[in-house]
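Colleague: There's a structure below that I have some questions on.
The values are calculated or read from the model by the stated rules, or taken from the named source; none is laboratory data. Since we're looking at a predicted model, the values are computed, not measured. Heads up, the Cβs are rebuilt from the backbone with ideal geometry, glycines too, and the neighbour counts pull from every protein chain shown.
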Amino acid sequence: MSVLGLLFSLTLVAQTTTPLSLQKAIQLSIAHSRYLKIDSAHIQSAMADVQEAKDKKLPDASISGSYLRLFGADVTMANAQPGKEAPSPSQAVYGIANVTMPIYAGGRIKYGIESAALLQQAAQLSAENNKEKIAYNATQALVNLYKAAMAVVVIQENLQASMARDTQFSRLEQNGVMARNDLLKAQLQTSNIELSLLDAQSNLQLANTNMDLLLGLPESTQLQIDSSFTELNSPLLPFEEYETMALKQRTDLQSLSVQQKASALLIKSAIAAQYPSLALSGGYIAGKIPNLITVTNAMNIGLGIKYNLGNLWKKNTTLEKAKASQNILLANEGLLADDIKLQINKDYQNQLLAYKKTEVYKKAEQQAAENYRITKNKYDNGLATITELLDANVMLLQARLHISAARADAALAYYKLLETAGMLYQTTTK
């Protein structure tokens, strides 16, 4: 169901319109979001960290070589023959190849890989949580655009009725049936409605431009809203179910839980740093000093052990920082869980209130329409003044504006509840 066809045909004849549903708005906003592009970069960085941690299990290999020019080198040979002149080399060449394979590092490599993988998972969960926020921002922008469009439609309809009434009143005034002052009152109200329409059209254009920018569309794109998103057919579930779903499905809460697991591994890694490390090494050396010595096929293999003696008297600050980080994450998880419960409660109450307001505004619209009908009949029979008729018309216009806005606000309150429960994106993009 479209609500903007008439509006754009009157105000934007030269421009084509683009249909826009809630599902499409959310999909476009997520595809265009610069925040998600940043999240994607964070995920790529986390994936690189995982690979870097895995690479620490692999052997390191290096190769080097040098050519040296020697000046005035004195050579003393242990078994030199007496009276024989010692050689005086002027150059030297050597090459070294070395391979080192870690055997034991106290578990630091293992914990590093597991921790990096968990942090990658946390980054992905954070990106999913941002999708929920972006989906709600798109929903909110669509609701604002819908309300602005409906305001224009309602005011435009009222303006047409008011102009038709002015035409009728003008004939009555020309025939001497109506006082000139009463005609001016009616025309003044028409002028006020025209001013209201200009403001509403300006607000609509700004809302349309804002939506274009949010979706990554050209700013000149005029959007034709599918208003079916205001038709909420799903019954409202009990409050406890939304709270349970939120604590289970909120990806920001899951991200903190994953970060805690990673923090626990960092604690283990900090403890493992106090242990010695053991590595297997092997290499090849070749060198030549002309007229003195040539070395080839000098291969070697051995074990190397490394231990930082400073661990015996230095405080393990890395361990203390890791424990503090874990405590912070634990506290943040508790704070977020409490905030989710409070926000679910607030959104649920707002949803109930929005439904009740919609019912009241429906009744108010019916009352305003009936009041205008009665006042019009009384005016036609000379039992009401022009002021009373115009006041009744204003009340009817306000009632129509209120009910269109109330329906949109009720829909937005429902989608806000879904967003807080971590279900908006998956619900609206099925």
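Residue-by-condition table, conditions (1) closer than 21 Å to Tyr104 by Cβ; (2) in contact with a Ser or Thr (Cβ under 9 Å, 6 or more places away or on another chain); (3) in a helix (DSSP H, G or I):
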site: Ala270; (1), (2), (3): yes, yes, yes
site: Gln274; (1), (2), (3): yes, no, no
site: Gly282; (1), (2), (3): yes, yes, no
site: Lys288; (1), (2), (3): no, yes, no
site: Val295; (1), (2), (3): no, no, no
site: Leu303; (1), (2), (3): yes, yes, no
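Colleague: Another question about this same structure. Being among the aliphatic types (A, V, I, L, M) and within 21 Å of Gln274 (Cβ to Cβ) is the filter; apply it to the stretch 314-359 and report the residue that is surrounded by the most Cβ atoms within 10 Å (Cβ to Cβ).
Modeller: It comes out as Ala322.
Colleague: Within the stretch 51-66, can one find any residue that is surrounded by 14 or more Cβ atoms within 10 Å (Cβ to Cβ), free of Cβ contacts under 8 Å to residues at least 24 places away in the same chain and assigned to a loop (DSSP other than H, G, I, E, B)?
Modeller: The answer is no; no qualifying residue exists.
Colleague: Looking only at the stretch 314-346, count how many residues are more than 17 Å from Ala270 (Cβ to Cβ) and without any contact (Cβ under 8 Å) to a residue 60 or more places away in the chain.
Modeller: Residues in the stretch 314-346 being more than 17 Å from Ala270 (Cβ to Cβ) and without any contact (Cβ under 8 Å) to a residue 60 or more places away in the chain: 7 in total.
Colleague: Moving on to the next point. Considering (1) of a type in the set (Lys, Arg); (2) without any contact (Cβ under 8 Å) to a residue 24 or more places away in the chain; (3) closer than 19 Å to Pro238 by Cβ, say which one Lys378 fails and leave the rest.
Modeller: With respect to (1) of a type in the set (Lys, Arg); (2) without any contact (Cβ under 8 Å) to a residue 24 or more places away in the chain; (3) closer than 19 Å to Pro238 by Cβ, Lys378 is out only on (3).
Colleague: Just one of Ala369, Ala322 is among the aliphatic types (A, V, I, L, M), over 30 Å from Glu243 (Cα atoms) and within 31 Å of the chain's Cα centre (by Cα); which is it?
Modeller: Testing whether each residue is among the aliphatic types (A, V, I, L, M), over 30 Å from Glu243 (Cα atoms) and within 31 Å of the chain's Cα centre (by Cα) leaves just Ala322.
Colleague: Does Lys268 satisfy the criteria of being closer than 21 Å to Ile113 by Cβ and touching a strand residue (DSSP E or B) at 6+ places or on another chain (Cβ under 6 Å)?
Modeller: no
Colleague: If you scan the stretch 67-78, which residues turn out to be loosely packed, with under 10 Cβ neighbours inside 10 Å and modelled with pLDDT of 80 or more?
Modeller: Result: Tyr67, Arg69, Phe71.
Colleague: Could you pull out the residue among Gly176, Gly216 that is out of contact with any strand residue (DSSP E or B) (no Cβ under 8 Å at 6 or more places or on another chain), touching a residue at least 24 places away in the same chain (Cβ under 8 Å) and on the phi > 0 side of the Ramachandran plot?
Modeller: Gly216
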